[in-house]
Amino acid sequence: MKITFEISPEYDAEMIFQMLRGEDWFYRATSMEIGKEFAEKIHNNQRQGEIQEEIKIFVKKAYKKYMPYIEKTKGLYQLSWQEIIKDFSKLVEKLTTPWFYDKYVCVVTHFNQGISNWNGNVVGRWWKENPYLQRKLTAHEIILAHFFLSIEIYIRILD
């Protein structure tokens with residue numbers, strides 16, 4: 001299994017919308033450093049299209065300011081994972097099941113500390129960590145994606 005790191009403001013904007021729809025929206029908004037008024041507007045808005053344009057503008061401003069740091073961090077995260085990916089891949093496969101995807105994409109985000117994808121090979125991690133210390137939570141997100149896909153496949157087999 002391989003991992004690549006990418007930058008996608010569009011992914012970050014979509015995840016803001018998704019994450020602030022849940023009951024824990026205020027906690028998430030605080031960790032994302034999104035003001036309460038805007039977060040509440042996202043949480044309560046029933047018209048996805050309207051609020052998503054506002055989110056895109058909000059994200060675009062943040063990325064314009066922080067992009068040099070996000071780009072630098074993306075490269076550092078990639079280098080950090082290149083050091084451990086073979087051992088990590090083999091160990092997870094040994095302890096669980098063969099990988100369903102040959103490659104996982106980790107989107108380096110500005111707003112979300114960690115996002116796992118329970119039906120795919122894209123996860124998210126924010127740029128605000130030490131490149132070596134980020135490994136633990138990045139591994140967590142990848143393993144969650146792998147684990148929940150395994151469960152979904154086994155449930156389909158049992159049906």
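The values are calculated or read from the model by the stated rules, or taken from the named source; none is laboratory data. Note that this is a predicted model, so its numbers are computed, not measured. All Cβ positions, glycine included, derive from the backbone under ideal geometry; neighbour counts span all protein chains shown.
A few points about this structure:
- Tally, over region 43-86, of residues that are surrounded by 15 or more Cβ atoms within 10 Å (Cβ to Cβ) and hydroxyl-bearing (Ser, Thr, Tyr): 4
- When Asp102, Asp87 are checked against the criterion of being touching a strand residue (DSSP E or B) at 6+ places or on another chain (Cβ under 8 Å), more than 21 Å from Asp12 (Cα to Cα) and not polar (S, T, N, Q), Asp102 stands alone in meeting it.
- Residue list for region 122-159, restricted to those being touching a helix residue (DSSP H, G or I) at 6+ places or on another chain (Cβ under 7 Å), modelled with pLDDT of 95 or more and within 18 Å of Lys94 (Cα to Cα): Ala139
- Figure legend. Inter-residue proximity from region 95-120: first residues surrounded by fewer than 16 Cβ atoms within 10 Å (Cβ to Cβ), second residues assigned to a strand (DSSP E or B) and of a type in the set (S, T, N, Q), beta-carbon distance below 8 Å, spacing 6+ or different chains. Indicated pairs: Lys103/Thr4.
- The condition of being crowded, with 19+ Cβ neighbours inside 10 Å, touching a residue at least 24 places away in the same chain (Cβ under 8 Å) and aromatic (Phe, Trp, Tyr) holds for only one of Phe17, Phe5, that being Phe5.
- Top-ranked residue of region 29-42 - restricted to ones that are in contact (Cβ under 8 Å) with a residue 40 or more places away in the chain and surrounded by 12 or more Cβ atoms within 10 Å (Cβ to Cβ), ranked as farthest from Lys128 (Cα to Cα): Ile34
- Subset of region 121-137 [touching a residue at least 12 places away in the same chain (Cβ under 8 Å) and outside any loop (DSSP other than H, G, I, E, B)]: Val122, Val123, Gly124, Arg125, Trp126, Gln134, Arg135, Leu137
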